[in-house]
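The values are calculated or read from the model by the stated rules, or taken from the named source; none is laboratory data. Since the structure is predicted, the reported quantities are computational estimates derived from the model, not experimental observations. Quick reminder, even Gly has a Cβ in these numbers, built from the backbone with ideal geometry, and neighbours come from all protein chains shown. Ligands, DNA and RNA are stripped out before the accessible areas are found, and what is left, the full protein with its side chains, is counted by its heavy atoms. Shrake-Rupley method; radii C 1.70, N 1.55, O 1.52, S 1.80 Å.
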Amino acid sequence: MALTARFWHRLDDGRLQCDLCPHHCRLSDGQRGRCFVRARHGDRLVLTTYGRASGFCVDPIEKKPLHHVLPGSSVLSFGTAGCNLACRFCQNWELSTSRQIDTHSEAAAPADIAEAAGALDCASVAFTYNDPVIFHEYAVDVAAACRERGIRTVAVTAGFVDPEPRREFYASMDAANIDLKAFTPDFYRRLCGARLEPVLDTLRYVVHETDVWLEITTLLIPGHNDSDAEVARLAGWIATELGPEVPLHLTAFHPAHRMTDVPPTPPTTLRRARRVALGSGLRFVYTGNVHDLDGGTTTCPGCGSAVIVRDGYTLVRYHLDEAGHCRTCGIRLPGTFEGPPGASGEHRRPVMVRMRS
Ligand code: SF4
């Protein structure tokens, strides 16, 4: 029998309202929420994907992307099915729009995932591919199992979540990469079926009220969110509201899902946008999904040395000590640094997670 979900209440008209994300779906018996995976069965809301995971892979942490968390280390990544956003340009649409939970996933208890991460020499586990907000209870339980074994946890999310579950979710995480998909309400409404303001609230919450390390990703889509003016406003907001040390990743779009009529992001757009974002006050701006040595380089904010140079996901220079201090000037780089860099390498490795529990 499916587990009962948390975060819902009964309305006067007999429907059940989900209080997990700002969509606040109101469900009659037999209906599913917009995310597809939280559903009403009789008098309760249930979790249809608890303990069902898909896409297990060992990735370099740089692929999440996180550039200031245990550089070069391996992360065990997985997702489930469904999503609470409906991005027309989704780059993981096979999973996020999947309606075949059983065929696209395998059973994996929280302890099994944590054990597998340890056995595969992964420093962390990432909840990714689809939005972990919608599998909140599973993610929180996997995170607890990881922490018992000294393994860190990483959320890759759009940040579209209500305040109460948000508190518990981020209390379970060590690092997050949150999408800021654009800086206009219109983009979120038309192209994602969501709203901008709750995402900005989540970003403020994570930086100002938690110890979670945050990096932000914006997928630049030609003609939709890549103007200099919008990039400057987005980066300026991050610098002012969150702080100039929050890293921003500007990544290249590839035609996918329901947006196949837009060309890929040219590398020149990414480089130009990076200059604009740096000029708007951010200290760490990276390009992604493109070959760009400058855009993959971390520069020391103290002396300007290139302290981490990445070629793709491979570290080709590492000029920090074991606690993350620049070896030239001694300034500590913001982020999570521990010991020597890892050597996860360029490629993702699909893996099986064995059921033990
Ligand atoms: S989590 Fe799912 S069911 Fe709940 S409000 Fe969001 S989309 Fe609706």
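General observations
- Dividing the Cα radius of gyration of the range 201-300 by 2.2 N^0.38 Å, with N the residue count, gives 1.09.
- Binning the C-alpha pair distances of the range 10-98 at 5 Å intervals from 0 yields a P(r) profile of 3, 13, 17, 17, 16, 14, 9, 6, 4, 2, 0 %, listed from the shortest bin outward.
- Shown for the chain: the carbon plus sulfur share of the solvent-accessible area, taken with all protein chains present and a 1.4 angstrom probe, equals 50%.
- The range 143-216-the range 12-38 distance, computed between alpha-carbon centres (Å): 21 Å
- Note on the chain: with a GNM built from Cα contacts shorter than 10 Å, the maximum mean-square fluctuation among Asn130, Asn92, Asn177 falls on Asn92.
- Farthest toward positive dipole pole in the chain [+1 Lys/Arg, -1 Asp/Glu at C-beta], among Ala343, Thr251, Phe56: Thr251
- Normalised by 2.2 N^0.38 Å, with N the number of residues, the alpha-carbon radius of gyration of the range 288-357 equals 1.38.
- Between Glu94, Glu230, Glu209, the GNM of the chain built on Cα springs shorter than 10 angstrom shows Glu209 fluctuating the most.
- Mean-square fluctuations from a GNM of the chain, with a 10 angstrom spring cutoff on Cα atoms, peak among Gly304, Gly159, Gly324 at Gly304.
- Considering only Val309, Leu320, Phe183, and ranking their Cα positions along the charge dipole of the chain that arises from unit charges at the beta-carbon of Lys, Arg, Asp and Glu, the one farthest toward the positive end is Phe183.
- For His249, the residues whose modelled amide H falls within less than 5 Å of its own, excluding neighbours fewer than 5 places apart on the same chain, are Ile216, Thr217, Thr218, Tyr286.
- Rg over Rh, two decimals, the chain (C-alpha only, Kirkwood Rh): 0.96
- Normalised by the number of residues in the range 6-62, the average gap of Cα pairs under 8 Å and 6 or more apart makes the relative contact order 20 percent.
- When Rg and Dmax are taken over the Cα atoms of the range 109-189, they come to 13.7, 45 Å.
- Cβ-based charge dipole, the range 173-274, positive-most Cα from Trp237, Leu270, Val206: Leu270
- Here the dipole of the chain is about 520 debye; that uses its Cα centre as origin and unit charges on the Cβ of Lys and Arg (positive) and Asp and Glu (negative).
- Only the Cβ atoms of Lys and Arg (+1) and of Asp and Glu (-1) were treated as charged; on that basis the dipole of the range 203-357 about its Cα centre amounts to roughly 340 debye.
- In terms of packing, defined here as the mean over residues of other Cβ atoms within 10 angstrom, the peptides 107-118, 17-28, 328-339 line up highest first as 107-118, 17-28, 328-339.
- Dividing the mean sequence gap of close Cα pairs (under 8 Å, 6+ apart) by how many residues the range 176-282 holds gives a relative contact order of 29 percent.
- Rg(Cα)/(2.2 N^0.38 Å) for the range 91-231, N = residue count: 1.12
- With contributions of -39500 (n - 2.57) from each DSSP H run of at least four residues, the per-residue ellipticity at 222 nm computed over the chain stands at -6000 deg cm²/dmol.
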